[in-house]
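Chemist: Have a look at this one.
Derivation of every value follows stated rules applied to the coordinates shown; laboratory data play no part. Please read all numbers here as calculations on a predicted model, not as lab measurements. Cβ placement follows ideal geometry from the backbone for every residue including glycine, while neighbour counts extend to all protein chains displayed.
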Amino acid sequence: MTIYAECEKLAAAVDQSQPAGEFLDWLKTEKGITLVTYEHWTEQDICIYAGCEEGFMYGHKQRPCSHCNGTGKQTYSREGWVPFAHNLEALLAEWLGIDLKKVEEERRAMLRDIRERQRI
Ligand SMILES: [Zn+2]
């Protein structure tokens, strides 16, 4: 094993990662099929409590809504299928057991080594 073990692992895995990446790209561009992931998130939206009108009780402009405390907005929990918007290269690397952070560290070390050898 060399000092650039993770880079060698990445190079050796190209036979697997390239066809997998091309297949996913083909699915998306030729077939309109994309990866989705089930996620939970929160988002702010208008308060939908019955009787709340922009944060105040309907007909009572001095009485703030007890659900949104007069802001007219609430934070809602959401969940559902959303397009996979993360880095596909990172996903392929994870599938192949390759640590991309180590690859980057090794590449930087490799460049440092090359520069130092050129000085000699
Ligand atoms: Zn409200």
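Chemist: Taking amide H positions as placed in the peptide plane 1.01 Å from N, state which residues far from Phe56 in sequence (5 or more) or on other chains have amide H under 5 Å from it.
Modeler: Residues meeting the amide H criterion: Cys65.
Chemist: Per DSSP helix of 4 or more residues, -39500 (n - 2.57); summed, then divided by the residues of the chain. What does that give at 222 nm, rounded to the nearest 500?
Modeler: When only DSSP H runs of four or more count, the value is -14500 deg cm²/dmol.
Chemist: Follow-up question, since we're still on this one. I'd like the Karplus ³J(HN,Hα) series for the stretch 17-28: coefficients 6.51, -1.76, 1.60, θ = phi - 60°, whole numbers in Hz, and an x wherever there's a Gly or Pro.
Modeler: 6, 5, x, 5, x, 5, 5, 5, 5, 5, 4, 6
Chemist: Further, regarding this structure: With r defined as the distance between the Cβ atoms of Arg119 and Arg78 and R0 fixed at 41 Å, what FRET efficiency is calculated, to the nearest 0.05?
Modeler: Working: r = 57 Å, r/R0 = 1.38.
Once the sixth-power term is evaluated, E becomes 0.15.
Chemist: Here is a follow-up. Using Cα pairs closer than 8 Å and at least 6 residues apart in sequence, work out the relative contact order for the chain, in percent.
Modeler: Relative contact order comes out at 32 percent.
Chemist: While we're on this one: Evaluate the distance, in nm, between pseudo-label points positioned 7 Å from the Cα of Ala5 and of Asn69 along their respective Cα→Cβ axes.
Modeler: About 5.3 nm separates the two model spin labels.
Chemist: Right, next: Placing +1 on the Cβ of each Lys and Arg and -1 on the Cβ of each Asp and Glu in the chain, which of Tyr49, Cys65, Leu35 has its Cα farthest towards the positive end of the resulting dipole?
Modeler: Comparing the listed Cα positions along the dipole, Cys65 ranks first.
Chemist: Size of the dipole of the chain about the Cα centre, Lys and Arg at +1 and Asp and Glu at -1 on the beta carbon, nothing else charged, in debye to 20?
Modeler: Taking the Cα centre of the chain as origin, the dipole is about 480 debye.
Chemist: On full extension of the chain, what length is gained from Ala85 through Ala12, given 0.36 nm per residue of separation minus the C-alpha to C-alpha distance?
Modeler: 23.6 nm
Chemist: While we're here: If you build the Cα gyration tensor of the stretch 36-83 and take the root of 5 times each eigenvalue, what three semi-axes come out, in whole angstrom, biggest first? List each step's numbers first, then the result.
Modeler: Values: eigenvalues 178, 12, 8 Å².
Sorted largest first and rounded, they come to 30, 8, 6 Å.
Chemist: Quick check for you: which residues of the stretch 2-40 have the amide N under 15 Å from the point 7 Å beyond the Cα of Asp99 toward its beta carbon?
Modeler: 2-10
Chemist: With no solvent and one point per C-alpha, what does the Debye sum give as log10 I(q)/I(0) for the stretch 64-120 at q = 0.17 Å⁻¹?
Modeler: Result of the Debye calculation: -0.77.
Chemist: With every atom except the alpha carbons ignored, what do you get for Rg and Dmax of the chain, in angstroms?
Modeler: In Å, with Rg to one decimal and Dmax whole: 26.0, 84.
Chemist: Which lysines, if any, have their Cα less than 29 Å from the Cα of Lys61, not counting same-chain residues under 8 positions apart?
Modeler: Lys73
Chemist: Let me ask something else. Using only alpha carbon pairs under 8 Å that are at least six residues apart, calculate the relative contact order of the stretch 36-83 and give it in whole percent. Don't jump to the answer; show the numbers that get you there.
Modeler: Working: 80 pairs, mean separation 24.8, N = 48.
After rounding, I find 52 percent.
Chemist: How much length is gained on full extension from Arg107 to Gln44, taking 0.36 nm per residue of separation minus their Cα-Cα distance?
Modeler: Using 0.36 nm per residue and subtracting the Cα-Cα distance, I get 18.4 nm.
Chemist: Once phi is turned into ³J(HN,Hα) by the Karplus curve 6.51 cos²θ - 1.76 cosθ + 1.60 with θ = phi - 60°, what whole-Hz value does each residue of the stretch 61-66 show in order, with x for glycine and proline?
Modeler: 4, 9, 9, x, 4, 6
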